[in-house]
Amino acid sequence: MALFLLYESASGYALFEAHGLDEIGQNTEAVRNSVSDLNRFGKVVQLRSFNPFTSALDALKQCNAVSEGILTDELRTVLETNLPKVKEGKKAKFSLGVSDPKIGSQISEVTKLPCQSNEFVSELLRGVRLHFDTFVGDLKAGDLEKAQLGLGHSYSRAKVKFNVNRVDNMVIQAIFLLDTLDKDINSFSMRVREWYSWHFPELVKIVNDNYLYAKVSKYIEDKAKLTEDKIPSLTEIVGDEDKAKEIVEAAKASMGQDLSPVDLINVQQFAQRVMDLSEYRKNLYDYLVAKMNDIAPNLASLIGEVVGARLISHAGSLTNLAKCPSSTLQILGAEKALFRALKTRGNTPKYGLIFHSSFIGRASAKNKGRMARYLANKCSIASRIDCFSERGTTVFGEKLREQVEERLDFYDKGVAPRKNIDVMQSAIESAENKDTEMETEAPAEVSGKKSKKKKQKAAADEGGDMILDKPTKVTNGDAVEDHKSEKKKKKKEKRKLEQETEHEDQAEDDGANGVVSEQDGTAKKKNKKVNNVVETGEESKKKKKKSKKETE
């Protein structure tokens, strides 16, 4: 059986034919030894056809298709034109050797050509790759390397398919920066306290907050210049009038030493830097919350933005966190304690970074381990939904949070929680309802616009003259008079219509009394019959009365 080899190079598709290969003599070791020698390998493998790519974009398209196991039209035409045709109902007397079994199965399904991908074929293709320059004589020196380099760069760029708004690296950097800012702000605030306490030591006991202390120290500057006139502005900074009065009184009887103007300027500048850092920390926290709602909305709604970001940064990425089992997620951040416990054969840790969640703190001491295990289970579910779902919704995270709350009530009060299947079904239904609402909002707006346009057209048809006269109201006085006369005409027409309707109603009433009209003939006939029946009944009653009187 003849063997053909398909080689996908960076410059085009190449088909090779292998001669003198028996099925019994297909020895991989022999082929491996003969690959390096071109004279021996060239006798076995010969070039059948070479079809170059038209452009770099075409090469990238073909490469992506082959890597995903998709048979393109170009590759199909290459195979159909260069391989021997197989008659219907008969087996092919050749086989096609490919490097990837995915593309081989696709070729065999579409074109019914027998394909094989094994170690023997891969060794032959390795030799083809090694001596490809000599097989294709039209290629110049360095052309293949340039094509491979360009295609490699473009393929790697295209292969990294990600959404810009869902880059978890930004979250990792933000949480690292947030931690370092917390440490720096604390150390700088302590430095401001120590520095300014040399001048005003009593202020430390009155103002406890670091940010407020830096703000107050920058505002006061020299304690000797602090008077009661500055109490209103101090109350705006501190937020309490009594505290502001206390600061003024403490400044009057302060035991601190005086500072030179240069020293006070340095203290103020450093306090301003601390204030700027703390404000930047607030902005960074808001940025982290926004990014977490974009990247991992369910994890953020379940466990919080900061704890979720710490888990992602510790795992390395959201994908790595989604791949972790719940037992690994439970002790993320407690690796040292885990290996110490394994080494000393002690008790392993129950929780790691998820200890900072409020659920663990709310659980009782005996239920903390259970709560950590349950919370890690829900966190792993939320991270997988966030990682592999196309549309980001917080529905699943909210439902999982409700489950954790129910589990807390179950441990404390014994209230039975809902089943996981019911909760997930309700979450899926609510997510689908949200999607349908989002889809129906846009068509509703379009239909509303269409209905408005239809109403405008109808109004234009009914009162076209009025619409035409509207812009002339301001510019021309005669046009206004014409507009008024048209209004009067319309009023007269309305009155005529009303009078006609009144006449019709009167005619109907007359028909009920016995006057027959052409339009309402059937109804008036019925009324006549009713009147006749009533008259005959009255006559019969009178006759009976007369007969009774005569008998008496």
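The values are calculated or read from the model by the stated rules, or taken from the named source; none is laboratory data. Computed from a predicted model, the values in this text were never measured in an experiment. Glycine also receives a Cβ, built like all others from the backbone with ideal geometry; neighbour counts cover every protein chain displayed. Note: areas computed on protein heavy atoms with side chains; ligands, DNA, RNA excluded. Shrake-Rupley method; radii C 1.70, N 1.55, O 1.52, S 1.80 Å.
Restricting the first member to the stretch 375-404 and to residues that are among the acidic types (Asp, Glu), and the second to residues that are at pLDDT 90 or above and not in a helix (DSSP H, G or I), the beta-carbon pairs closer than 8 Å and six or more apart or on different chains are ASP386/ALA296.
Yes/no per residue for (1) of a type in the set (Ser, Thr, Tyr); (2) assigned by the TED database to the domain that holds VAL395; (3) more than 30 Å from SER217 (Cα to Cα); (4) out of contact with any Leu (no Cβ under 8 Å at 6 or more places or on another chain):
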position: ALA271; (1), (2), (3), (4): no, no, no, yes
position: VAL274; (1), (2), (3), (4): no, no, no, yes
position: TYR285; (1), (2), (3), (4): yes, no, no, no
position: ALA300; (1), (2), (3), (4): no, yes, yes, yes
position: ILE312; (1), (2), (3), (4): no, yes, yes, no
position: ASN320; (1), (2), (3), (4): no, yes, yes, yes
position: THR328; (1), (2), (3), (4): yes, yes, yes, yes
position: LYS336; (1), (2), (3), (4): no, yes, yes, yes
position: PHE339; (1), (2), (3), (4): no, yes, yes, yes
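For the subset of the stretch 247-296 comprising residues that are open to solvent by less than 90 Å² (accessible area, probe 1.4 Å) and not in a helix (DSSP H, G or I), which member is farthest from ALA224 (Cα to Cα)? This residue is ALA296.
Any residue in the stretch 381-393 that is under 23 Å from THR180 (Cα atoms) and outside the structural domain of LEU177 (by the TED database)? No: the stretch 381-393 contains no residue that is under 23 Å from THR180 (Cα atoms) and outside the structural domain of LEU177 (by the TED database).
Would the stretch 12-21 turn up any residue that is open to solvent by 20 Å² or more (accessible area, probe 1.4 Å), at pLDDT 85 or above, assigned to a strand (DSSP E or B) and within 27 Å of ASP73 (Cβ to Cβ)? For the stretch 12-21, residues open to solvent by 20 Å² or more (accessible area, probe 1.4 Å), at pLDDT 85 or above, assigned to a strand (DSSP E or B) and within 27 Å of ASP73 (Cβ to Cβ): present.
SER313 falls short on exactly one of the conditions (1) at pLDDT below 90; (2) more than 26 Å from LYS434 (Cα to Cα), and that condition is (1). Of the residues making up the stretch 204-255, those that are closer than 22 Å to ASN266 by Cα, in contact with a helix residue (DSSP H, G or I) (Cβ under 6 Å, 6 or more places away or on another chain) and free of Cβ contacts under 8 Å to residues at least 12 places away in the same chain number 1.
Any residue at all in the stretch 345-357 that's crowded, with 21+ Cβ neighbours inside 10 Å, polar (S, T, N, Q) and either under 15 Å from GLN173 (Cβ atoms) or touching a Gly at 6+ places or on another chain (Cβ under 8 Å) (or both)? For the stretch 345-357, residues crowded, with 21+ Cβ neighbours inside 10 Å, polar (S, T, N, Q) and either under 15 Å from GLN173 (Cβ atoms) or touching a Gly at 6+ places or on another chain (Cβ under 8 Å) (or both): present. Screening the stretch 34-92 for helices (runs of 4 or more DSSP H) wholly inside it with 2 or more residues that are more than 18 Å from THR111 (Cβ to Cβ) and in contact with a Ser or Thr (Cβ under 6 Å, 6 or more places away or on another chain) returns the ranges 38-44.
Assessment of the stretch 415-432 against the conditions (open to solvent by less than 50 Å² (accessible area, probe 1.4 Å), over 16 Å from the mean Cα position of the chain (by Cα), at pLDDT 90 or above and within 20 Å of ASN298 (Cβ to Cβ)) yields no matching residue. Flag set for VAL78, criterion: in the same structural domain as GLY142 (by the TED database), touching a residue at least 40 places away in the same chain (Cβ under 8 Å) and of a type in the set (Val, Ile, Thr).
Results for (1) farther than 26 Å from ALA174 by Cβ; (2) aliphatic (A, V, I, L, M); (3) modelled with pLDDT of 90 or more, shown as yes or no for each residue.
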site	(1), (2), (3)
ALA253	yes, yes, no
GLN257	yes, no, no
ASN266	yes, no, yes
ASN283	no, no, yes
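Kindly provide the set of residues from the stretch 112-121 that are closer than 17 Å to PRO84 by Cβ and crowded, with 17+ Cβ neighbours inside 10 Å, ordered by number. Selection gives LEU113, CYS115. Taking each residue of the stretch 17-40 that is under 20 Å from PHE4 (Cβ atoms) and looking for partners that are open to solvent by less than 70 Å² (accessible area, probe 1.4 Å) and at pLDDT below 70 with beta-carbon atoms closer than 7 Å, six or more apart or interchain, yields nothing. Is the stretch 37-52 home to any residue that is in contact with a helix residue (DSSP H, G or I) (Cβ under 7 Å, 6 or more places away or on another chain) and open to solvent by 80 Å² or more (accessible area, probe 1.4 Å)? Yes, the stretch 37-52 contains at least one residue that is in contact with a helix residue (DSSP H, G or I) (Cβ under 7 Å, 6 or more places away or on another chain) and open to solvent by 80 Å² or more (accessible area, probe 1.4 Å). If you filter the stretch 376-414 down to residues that are under 21 Å from the mean Cα position of the chain (by Cα) and small (Gly, Ala, Ser), you find that the one that is most open to solvent (accessible area, probe 1.4 Å) is GLY392.
Scanning the stretch 192-246 for residues that are in a helix (DSSP H, G or I) and either of a type in the set (Ser, Thr, Tyr) or surrounded by 14 or more Cβ atoms within 10 Å (Cβ to Cβ) (or both) yields a count of 30. The residue of the stretch 321-335 that is most open to solvent (accessible area, probe 1.4 Å), among those that are over 20 Å from LYS368 (Cα atoms) and over 19 Å from the mean Cα position of the chain (by Cα), is LYS323. So for the stretch 112-119 (the condition being assigned by the TED database to the domain that holds LEU5, touching a strand residue (DSSP E or B) at 6+ places or on another chain (Cβ under 8 Å) and assigned to a helix (DSSP H, G or I)), does at least one residue qualify? Within the stretch 112-119 (the criterion being assigned by the TED database to the domain that holds LEU5, touching a strand residue (DSSP E or B) at 6+ places or on another chain (Cβ under 8 Å) and assigned to a helix (DSSP H, G or I)), the answer is no, since none of the residues qualifies.
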